[in-house]
Amino acid sequence: VWIFGRLSDTLGRYLTLLISLGLCVVQAWIIPFFNNMNVYLACRFFDGASFGGYFLIAYVLNVEYAPPKYRSMLGSLNKFFASVGSALIAMLGFAFKDFRAFAIALAIPPTIMWILSFLFFPESARYYLSKGKDEKALACLKKVADVNGKQMPPDCSLYEDEDVKINLLKIVSNKRLLISAAINMFGWFMTSLVFYMIWFSAKYLAGNLYVNAALLGLAELPGRVIAYLLMDRIGRKKTF
């Protein structure tokens, strides 16, 4: 995630997204055709690393293009579809008992997504602005306005607020930011730990393994909806 985060600041969100998702696609298509555990483990390792970068960049693009009032909704939708995807993986496993057929079925969705990203994803106007490319940033926003049937103001101008730039050194040197970051990292670690403990326990439940796994994925959906509703009503801090 750190590597792709740095790349997105250097190469741009769009190119980094294509690279990270493209790596996921390549590894997804290698797995079905190599009957070797070492190859499988290597692909799973690099696929996880690549997907972490893709998920980060996709989220950043959403936030950078969305108005503030829609950001909590888009963030929740990201997780919403992740939960649906978890359930679909279990359903595909139930439908395709052969491992190679199952792996090919899993490789098709990211391939389609990569093609759609290549054709339709825009670069971030905020990225262009951070690099001093104001004309390209305006062109991006004009394209967004055209797609949405809106008109850009004729006297529209852009600028970057230098005071909002944050780097690792500023976080470490600011006590409040450091404590906040530490709490968030610990919270993320603990929720991930509990999540995977519950997810991997599906095989110990009575009944069909695939149905149990699908239900565990779908069980997350009410939480996604509740989190979105609470964030807009009582705020992010209280919801956390």
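The values are calculated or read from the model by the stated rules, or taken from the named source; none is laboratory data. Bear in mind that the values here come from a model prediction, so they are computed numbers and not experimental data. A quick note on method: Cβ atoms are made from the backbone with ideal geometry, for glycine too, and the neighbour counts reach across all protein chains shown. In case anyone asks, the SASA skips ligands and DNA or RNA and just uses the protein heavy atoms, side chains included. Shrake-Rupley method; radii C 1.70, N 1.55, O 1.52, S 1.80 Å.
Below is a table of values for the structure above.
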read-out: Dipole magnitude (debye, nearest 20) for the chain, charges at Cβ of Lys, Arg, Asp, Glu; value: 540 debye
read-out: Segment 76-211: C-alpha gyration tensor shape, a/c 1.5 cut-off, then a/b vs b/c; value: oblate
read-out: Computed lengthening from ALA145 to SER192, 0.36 nm per intervening residue step minus Cα-Cα distance; value: 13.1 nm
read-out: Rg(Cα) / (2.2 N^0.38 Å) computed for segment 11-145, rounded to two decimals; value: 1.22
read-out: Dipole of the chain, positive end: most advanced residue of GLY48, TRP188, SER72 [Cβ charges, Cα centre]; value: TRP188
read-out: Cα gyration tensor category, rounded, prolate or oblate, for segment 169-240 with a/c compared to 1.5; value: oblate
read-out: Those residues of segment 1-32 whose amide nitrogen sits under 18 Å from the label point placed on TYR59, 7 Å along Cα→Cβ; value: 1-9, 13-14, 16-18, 20-21
read-out: Residues ASP155 and ALA82, FRET efficiency given R0 of 30 Å [Cβ-Cβ distance, rounded to 0.05]; value: 0.15
read-out: Full-stretch length increase - LEU209, ILE112 - with 0.36 nm per residue and alpha-carbon distance subtracted; value: 32.1 nm
read-out: Nearby lysines by direct alpha-carbon distance to LYS203 (threshold 28 angstrom, same-chain neighbours under 8 apart not counted); value: LYS79, LYS97
read-out: Reachable lysines from LYS136, criterion Cα separation under 23 angstrom, eight or more residues apart if same chain; value: LYS150, LYS165
read-out: Projected label distance in nm at ILE234 and ALA182, using a 7 Å step from Cα toward the beta-carbon; value: 2.7 nm
read-out: Global geometry of segment 25-78, whether rounded, prolate or oblate, following the gyration tensor of its Cα atoms and the 1.5 cut on a/c; value: prolate
read-out: Helical contribution to [θ] at 222 nm, DSSP H n ≥ 4, -39,500 (n - 2.57), averaged over the chain, rounded to 500; value: -25500 deg cm²/dmol
read-out: Rounded percent of accessible protein surface that carbon and sulfur make up, the chain, 1.4 Å probe; value: 70 percent
read-out: Heavy-atom accessible area per residue - segment 185-240, 1.4 Å, Å²; value: 79 Å²
read-out: Normalised alpha carbon radius of gyration of the chain [divisor 2.2 N^0.38 Å]; value: 1.16
read-out: Accessible surface, per residue, of segment 1-129 when the full set of protein chains is kept, probe 1.4 Å, Å²; value: 57 Å²
read-out: Cα-centred dipole magnitude for segment 98-217, charges only on beta-carbon of K, R (+1) and D, E (-1), debye, nearest 20; value: 300 debye
